[in-house]
Every structure is written in C-alpha cells, then in structure tokens.
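Take a look at the structure below.
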Amino acid sequence: MTGSGIDGEDVVQETLAKAFVALKLNPPIPNLHAWLFRIAHNASIDYPRDYARRFSNSLDDYHELPSAVSELDARVAAEAGLRLFVGLPPAQRASVILKDVLGYTVEEIAEILGKSMAMVKGVLHRVRAPLRMGIEDPARETAVLDGPQSVLLKEYVRHFNAREFDRLREMLARDVTLGVVGVTTAKGAVDTAQYFGRYSNIYDWSARVGMVDGRPVVLVFPSEARHKEFGPTPKYFVDLEWDGSKIARIKDFRYVPYIMVDATTQVAVEKGDKR
C-alpha cells in the first residue's frame, strides 16, 4: 500500500496503536478483520510520503465492470510486489491486495473500503491487465548510486565492515534517533552509540551499499558472503537518514526479516562500473 516495506512497517505500527486504543473505548467489533484493514487503509492514505504524486486518483472514477477471478489473478498479484503496486492509487492497490492476495470477497472489500461493490468490481477489472503485463524478471538487479548520499553511505559501510565503530559514533548527530524495529528505540548520540556496541559482539554480517524499494540503504548479508560477487540475498537492511554529513536516524530491520519477502532489492555498484 505504501510502495515500500520500510514505510509499510510504520503504517502497521500506527494501525495497531490506533486499534488498541479504539478497542478499549468501543464495544466488541463484529468484523474485526475488516475493521483492522480499514484502519490500515486509512493510515496508508494519510501517510505523507510523496502524497500528491501517489494518491491522485479516486476509486470513484471507475464504473461497474464484470470481474472474473482466476488463479492467474492471484499469482499475478502475489508476484507483482511493491514496485508495481506503487503506481496505483491506494484504493486500487487495496482492492487488488484484498481480493487476489488475501482472498476477500467483493462484498467484504466494499465494506472495508467504504465503497460500492460496483466500484470495486470496476477497479479489479481495470487494474489486473496492467499488472499482468508488468511482471518483470525477478533476477537480481544492480543500482548505480552517486552524489553526496552515496559517499556518506559508502563511508558508513566501510567503517561498519572494518568494525570501526568509534568512527561511526563520530558520525552521529547530537539528536539522532534509533529504531531497532521490534526491539528497542533510543534518542540522542549517547544512547544511540550503544547500538554499535551490540554489533561489535556479533560476527554474522557483512554490509554493502544498495537499495530497497528505490531507497538507498545499507544491505546486510550473511558473513560468508563477504568475498562473493554480490553474494546471496541480503538478510535485512539498515535505513539511514542524514542531516548534512551527520546521521539523523538509524532504522535497523535485523529482527524483522519478513520485510525482505516483497522488497525490491538492488546491490549498488560504482558509477561507470559495468559488472
């Protein structure tokens, strides 16, 4: 729904937080699944990243059309992944995900989205054909990164692999924030510095600069991949945000490896490198 597993994780956390509060204030919810998906759908629409570009079209623009369901539709939706869904407005994405991936009926989808069954059928008919044509070769791709952020990421990875954690601590902004997703959070350079101490005690990783869902990140591979060309599939990644040359935020996905399942991962190469 968000076009990125990184942003999707934020939306899921927001959805669950809202649900826990609402459940305490309201009587029992008769259709809990539909209610939760509606909260998640609304949260994804409200998510501010590239709002104007991504959320421009309405479900109301589509008229009633016949909607055939097949195993092909389910396979296409499952294989399409986040990158192909990102070009669809949120209500269209939600319709396909709920129907072809999660198996909801048109009637249930209409209830979740607050739309008519006719509009949901129309959207499914309209969206499935482009998705069928859009599935690409799943082979590993490489990304060419350049510019200031690339330089900073390469410097981070170089110190990270060399286990020069004091150098990384020097790169932290004073008000840096840390999120080890699903485990802990911290704020400020002093508390966040302890994060590198944990990595100094484990040896199962090797880092490379890359991209996840189009965003430059630090890809983390199994340690045995250190000397292999591009290595196997990365186990997880670390997302960094910068304030000038200082690290403003670290978001580490080590303990939520499921986020890699649908992520579009690319390993970066030097600009001009033809490997």
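The values are calculated or read from the model by the stated rules, or taken from the named source; none is laboratory data. Everything numeric in this text was worked out from a predicted model, so none of it was measured. Just the protein is used for accessible areas: all its heavy atoms, side chains included, with ligands, DNA and RNA removed. Shrake-Rupley method; radii C 1.70, N 1.55, O 1.52, S 1.80 Å.
The table below lists the values:
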| item | result |
| --- | --- |
| Surface accessible to a 1.4 Å probe, Met1 within the full protein complex, Å² | 50 |
| Karplus 3J(HN,Hα) series, Hz, for region 21-30 with 6.51 cos²θ - 1.76 cosθ + 1.60 (x for Gly, Pro) | 5, 5, 5, 6, 9, 10, x, x, 8, x |
| 1.4 Å probe accessible area per residue over region 148-246, in Å² | 50 |
